[in-house]
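Notes follow once the structure below has been shown.
The values are calculated or read from the model by the stated rules, or taken from the named source; none is laboratory data. Keep in mind that this is a model prediction, so the values were computed, not measured. A quick note on method: Cβ atoms are made from the backbone with ideal geometry, for glycine too, and the neighbour counts reach across all protein chains shown.
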Amino acid sequence: MAEDVEAVVRELERLQREQARIQAILQKYQKMEEERKALLKKVEGEINEAKEKMTSAGIEPTVLDDLRIIIDSPKTLTIPLMTRDEFEAVAEVCKQQAESGVARDFWANAEKYFKRWVSICRVFEAFQRNIDAGNLPTMPPVKPEYKAFNFLAEKVRRGEEIKPDTIVFSVEKTIQPRTATATRGRRTRRIGIKAFVRRLLEERGEITIEEAVDELISAGLAETEDEAKRRFNSAQYSIVHDDGDAEYIDGVLRLLPE
């Protein structure tokens, strides 16, 4: 009898420990969810602020929707392998502008394809207006269309001309897969971080870490603020200690007078 009671007590103690463990896990996940919601709210605020700046700079935020369409839409039209009779049938359907038979998928893709080019034209027109380049925002790089906008905005800040080909390239650069070759390319690109920061420094005479972070993200040389800060700090350290013609004080990299 005493052994049965002891066994029951041990089982209750085990259940209590298990309950405490589960409770701790639930609290951990609850905290993670709260942090995720706080981060989403912060990013949403940054996005809204950037869209307001975009409007004041002379570009409507709907340009982001067009960039999204360009990213998601097919770049080419695929014609299925058919017999001669089927090709003739499709030709007749195209002539009549009808949507039926084997051409249904073709017309669906054709609509997306041409809508893609409509969006390319709209983005092109948006960047051909009288834009306040200095007031163009840097979008938080959390979506492909935001990264594509940052790429184009950086081109405008540099005084470069935006062409339809530039828009297509910005989208392809944003969505290209990261293969082993792409990784090697990123390593190669990191070597150029110092040259990029050096160019900014020589153009402006001085640059703050905040400005450098924005420029690195806009140029696609970093994806996050922390990554951009690390790369800038590495570059400024080399400029200050190896080149010896600049100083870095209180977050400002400044060229020394000759």
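So that you can scan it fast, the table gives a plain yes or no per residue for (1) out of contact with any Ser or Thr (no Cβ under 8 Å at 6 or more places or on another chain); (2) modelled with pLDDT under 80; (3) under 24 Å from ASN150 (Cβ atoms):
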| site | (1), (2), (3) |
| --- | --- |
| ARG68 | yes, no, yes |
| ILE71 | no, no, yes |
| ARG84 | yes, yes, no |
| PHE87 | yes, yes, no |
| SER100 | yes, yes, no |
| ASP105 | yes, yes, no |
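Look at the stretch 200-219: where a residue is within 13 Å of ARG158 (Cα to Cα) and a partner is of a type in the set (A, V, I, L, M, F, W, C) and not in a helix (DSSP H, G or I), sitting 6+ places away or on another chain with Cβ atoms under 6 Å, you get LEU200/ILE207.
Select from the stretch 131-175 the residues that are assigned to a helix (DSSP H, G or I) and of a type in the set (S, T, N, Q) and write down the one among them that is farthest from GLU225 (Cα to Cα). Walk me through how you get there before you give the answer.
Filtering the stretch 131-175 for residues assigned to a helix (DSSP H, G or I) gives 133-135, 144-157, 164-175.
Among the residues that remain, those that are also of a type in the set (S, T, N, Q) are: 135, 150, 166, 170, 174.
Numbers: ASN135: 20, ASN150: 14, THR166: 25, SER170: 21, THR174: 18 Å.
That would be THR166.
Residue by residue, here is whether (1) touching a Phe, Trp or Tyr at 6+ places or on another chain (Cβ under 9 Å); (2) outside any helix (DSSP H, G or I); (3) surrounded by fewer than 10 Cβ atoms within 10 Å (Cβ to Cβ) holds:
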{"site": "GLN27", "(1), (2), (3)": "no, no, no"}
{"site": "LEU40", "(1), (2), (3)": "no, no, no"}
{"site": "GLU60", "(1), (2), (3)": "no, yes, no"}
{"site": "LEU77", "(1), (2), (3)": "yes, yes, no"}
{"site": "GLU88", "(1), (2), (3)": "no, no, no"}
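The set of residues in the stretch 202-224 that are assigned to a helix (DSSP H, G or I), of a type outside the set (A, V, I, L, M) and surrounded by 15 or more Cβ atoms within 10 Å (Cβ to Cβ) comprises GLU211, ASP214, GLU215, SER218.
What do you reckon, is ILE47 in a helix (DSSP H, G or I), in contact with a helix residue (DSSP H, G or I) (Cβ under 9 Å, 6 or more places away or on another chain) and of a type in the set (A, V, I, L, M, F, W, C)? Considered against the rule, which asks whether it is in a helix (DSSP H, G or I), in contact with a helix residue (DSSP H, G or I) (Cβ under 9 Å, 6 or more places away or on another chain) and of a type in the set (A, V, I, L, M, F, W, C), ILE47 comes out as yes.
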